[in-house]
Amino acid sequence: MTKRSEKVETADPIEEFLAQDYEHGFVTDIETDALPPGLSEEVVRFISAKKNEPEFLLEWRLKAYRHWLTLEEPKWAHVNYPKIDFNAISYYSAPKSKTDGPKSLDEVDPELLKTYEKLGIPLREQKRLAGVVAVDVVFDSVSIATTFRETLKEAGVIFCSFAEAVQDYPELVEAHLGSVVSYRDNFYAALNAAVFSDGSFCYIPEGVRCPMELSTYFRINAANTGQFERTLIIAEPGSYVSYLEGCTAPMRDENQLHAAVVELIAKEKAEIKYSTVQNWYPGDKDGKGGIYNFVTKRGDCRGDHSKISWTQIETGSAVTWKYPSVILRGDHSVGEFYSVALTNNYQQADTGTKMIHMGKHTKSTIISKGISAGHSQNAYRGLVRVAAKADNARNFTQCDSLLVGSKCGAHTFPYLEARNKTAKLEHEATTSKIGEDQLFYLAQRGISADDAVSLIVNGFCKEVLNELPMEFAVEAQKLLGINLEGSVG
Amino acid sequence: MLTIKDLHVSVDNKAILKGINLTIKAGEVHAIMGPNGSGKSTLSKVLAGRDGYTITRGTIEFMGQDLTELEPCDRAHAGLFLAFQYPVEIPGVSNVQFLKAAVNAVRKAKGEEEISSVDFLKLVREKMALVDMDQDLIYRSLNDGFSGGEKKRNETLQMLMLEPTLAILDETDSGLDIDALQSVAKGVNSLRSQDRSFLMITHYQRLLNHIEPDFIHVLARGEIIKSGDKSLAQELEAKGYGWLLQEQADECE
Ligand SMILES: Nc1ncnc2c1ncn2[C@@H]1O[C@H](COP(=O)(O)OP(=O)(O)OP(=O)(O)O)[C@@H](O)[C@H]1O
Ligand SMILES: [Mg+2]
């Protein structure tokens, strides 16, 4: 306790007042493993103290929190969901207190189990994913993870949890945290900055080509990073890294609201490839119980000739709001966005990207494939902005929508802002529907309706799937098929 | 193999087939000819199980089963194949991927193992050579931007790969150049056997010069108004359908 009060000591009168307030009003025992629901400055301080964070981080969290208080929750035309009560959420719980989870697989949504089976996930792993309490956590990936760490260490690559990085490499964190996604960026970015739980940290030293794909799956604590995850990837000049986020198996999660932040920094001639296969539990057939996923992902091509590429396969969540973006700051830098967003039943997705061209001769490519089935709504929203000084910027955007059935919707909102006359911006968009004639043709050749849809959808997404690392692509294909089962016929 | 009795079919309450009777035995080749709009494609689609065609009367039996109770996909598994008059285009789905999915689906239904990629490619190459099909076509999107003749050759290739028990060819000869016609005929003839049957819908006698039918039927206004052997085709080629229609009209009076 004494250690904590030292931390908040400061000359700033406001800080002093707040610190006092903390001394008197803060009644929660520091030893507790979970906070009662509610968000206040005390809660922010509690989280920071609990994690034994350095001063700069606490300050930063507090500034974010105060800024958040001034913001209104955003509203979007194509996404509807009940109002979120931010005071009904508990902002801290230690990983081991997952006592609310199901006691055995019998208590888990059978649909979810079916999916696991189809993906061929072993039973032990199924339990972990479904959040079954008291599973022996010694699964295979732990030992793999250890081996991986050794290899990475030899290359000088740092890959650890965010919390570890804060302890072990505070100067790296301080120098880069919030430099791409400021806490002022948006409502959810501010909230995340104030209360973020944990996440991943990657640092690739100058000239190093990371010897393997980095994956959250192999990070030991990956399952418990919580609802406000934060990822920071720093690629020093001339380095390369490919990072895989997520898992094809749908995760059951107690937390309905997820607001993650991902920051990527590519310095001169560095390249970051960030792939996501996201398969949050989307809720049942009526859309109940699904996850709200509000993510801020942004890459900064900080150096000349740098490159950042986002590839994402989104199949989960009840509500998804997500625009992985690239700031093309360095001259000759390249930004890419390859996306498949699939919505079924009552899911809603509003995704897209922003390419902000600031450097000269910068180039961006956007390939977006939206698939809507059931009663779902799928919107693409993309912004391409070319700053006045960004001579010879180029963008190519292709936005394709595929409708499965007649009760779903697809919407495309491209925004172009070119302030430089030399900009070359191309946009192509198509909407197609899986036709009865196509399904009949395939059925006549013996291919079942589900397989037919899968075949057509995978064909439709080919350009994006090709961007994924091989084994991820195979899983992603399976996943798209599974998520569309029963959508026709 | 196939027994159609008193088949009446309507679309949107409009009667199109009005009492078809047709029996095809194993090993036989039947040809159906008839004026445009007489219901030939309708018959082929009803046999394949296309939605939207209502059977108002009659029965269809295939290999001892009531065909109408099977889903389109199950009919394919049971060995029924339809080469479409207008094959659909499916952009994005590669022809080779589609072919492999089809071959494996049918094998799976028969309880056989999936074909290995090596065996599959060997088989495709062999069958493509048989119908003189450009190798590049299997790596393109299914029928997407194929010329009329290329689509027809592709239908023939699928038939050769799937080796159906009953193949219905709906104007597979239409729009083919002379060489292509011979290739398609070569394909069909290579499949002819004692336990495989064909139902060929055509407008031209020239196909029948290459693939000799056992029977020829004339379908007009939803009915089979005449059946005969291959000499009937020559008669039709010379005289058209007018005299038959007149004959039928006289009978009705
Ligand atoms: N879905 C439909 N809706 C309305 N009418 C239809 C439909 N399908 C077929 N028909 C009508 O049924 C009749 C028979 O059509 P069908 O395609 O079977 O003829 P066909 O004998 O194959 O002709 P062709 O030699 O020109 O190919 C035509 O008058 C056609 O317009
Ligand atoms: Mg026809």
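The values are calculated or read from the model by the stated rules, or taken from the named source; none is laboratory data. Please read all numbers here as calculations on a predicted model, not as lab measurements. Here the Cβ is made from the backbone with ideal geometry for all residues, glycine too, and neighbour counts use every protein chain on show.
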> Which residues, taken from region B:4-63, are within 13 Å of ligand 1 (Cβ to nearest atom), of a type in the set (Gly, Ala, Ser) and in contact with a helix residue (DSSP H, G or I) (Cβ under 8 Å, 6 or more places away or on another chain)?
Replying inline: B:34, B:48
> So which of A:417, A:428 ends up being of a type in the set (Asp, Glu), in contact with a Lys or Arg (Cβ under 8 Å, 6 or more places away or on another chain) and modelled with pLDDT of 90 or more?
Replying inline: A:417
> Can residue B:179 be described as more than 14 Å from chain A (Cβ to nearest Cβ) and either more than 16 Å from ligand 1 (Cβ to nearest atom) or assigned to a helix (DSSP H, G or I) (or both)?
Replying inline: yes
>> Take the conditions within 16 Å of ligand 2 (Cβ to nearest atom), part of a strand (DSSP E or B), modelled with pLDDT of 95 or more and crowded, with 21+ Cβ neighbours inside 10 Å and apply them to residue B:32. Does it pass?
In response: yes
>> From the list B:136, B:195, exactly one residue is without any contact (Cβ under 8 Å) to a residue 24 or more places away in the chain, away from chain A (no Cβ under 14 Å) and either within 16 Å of ligand 2 (Cβ to nearest atom) or loosely packed, with under 15 Cβ neighbours inside 10 Å (or both). Which is it?
In response: B:136
>> I need a count of the residues in region B:12-55 that are of a type outside the set (Ser, Thr, Tyr) and within 14 Å of another protein chain (Cβ to nearest Cβ).
In response: 8
> So which residues in region B:207-217 are within 16 Å of ligand 1 (Cβ to nearest atom) and out of contact with any helix residue (DSSP H, G or I) (no Cβ under 6 Å at 6 or more places or on another chain), if there are any at all?
Replying inline: B:207, B:217
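Is it true that residue B:242 is more than 15 Å from the chain's Cα centre (by Cα) and on the phi > 0 side of the Ramachandran plot?
no
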> Got at least one residue in region B:90-100 being under 25 Å from residue B:146 (Cα atoms), within 8 Å of chain A (Cβ to nearest Cβ) and in a loop (DSSP other than H, G, I, E, B)?
Replying inline: no
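Residue by residue, here is whether (1) in contact with a strand residue (DSSP E or B) (Cβ under 6 Å, 6 or more places away or on another chain); (2) within 16 Å of ligand 1 (Cβ to nearest atom); (3) part of a helix (DSSP H, G or I) holds:
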residue	(1), (2), (3)
B:190	no, no, yes
B:200	yes, yes, no
B:225	yes, yes, no
B:237	no, yes, yes
> Where residues in region A:440-467 are crowded, with 24+ Cβ neighbours inside 10 Å and more than 7 Å from chain B (Cβ to nearest Cβ), which of them is nearest to residue B:158 (Cα to Cα)?
Replying inline: A:442
> Do we find a residue being more than 16 Å from ligand 2 (Cβ to nearest atom) and among the small types (Gly, Ala, Ser) anywhere in region B:38-53?
Replying inline: yes
>> Taking the conditions exactly as written (surrounded by 14 or more Cβ atoms within 10 Å (Cβ to Cβ), within 14 Å of chain A (Cβ to nearest Cβ) and not basic (Lys, Arg)), does residue B:79 satisfy them or not?
In response: yes
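If we only count helices (runs of 4 or more DSSP H) wholly inside region A:145-250, which ones have 2 or more residues that are buried (at least 17 other Cβ atoms within 10 Å of the Cβ), modelled with pLDDT of 90 or more and within 16 Å of the chain's Cα centre (by Cα)?
Hits in region A:145-250: A:187-195.
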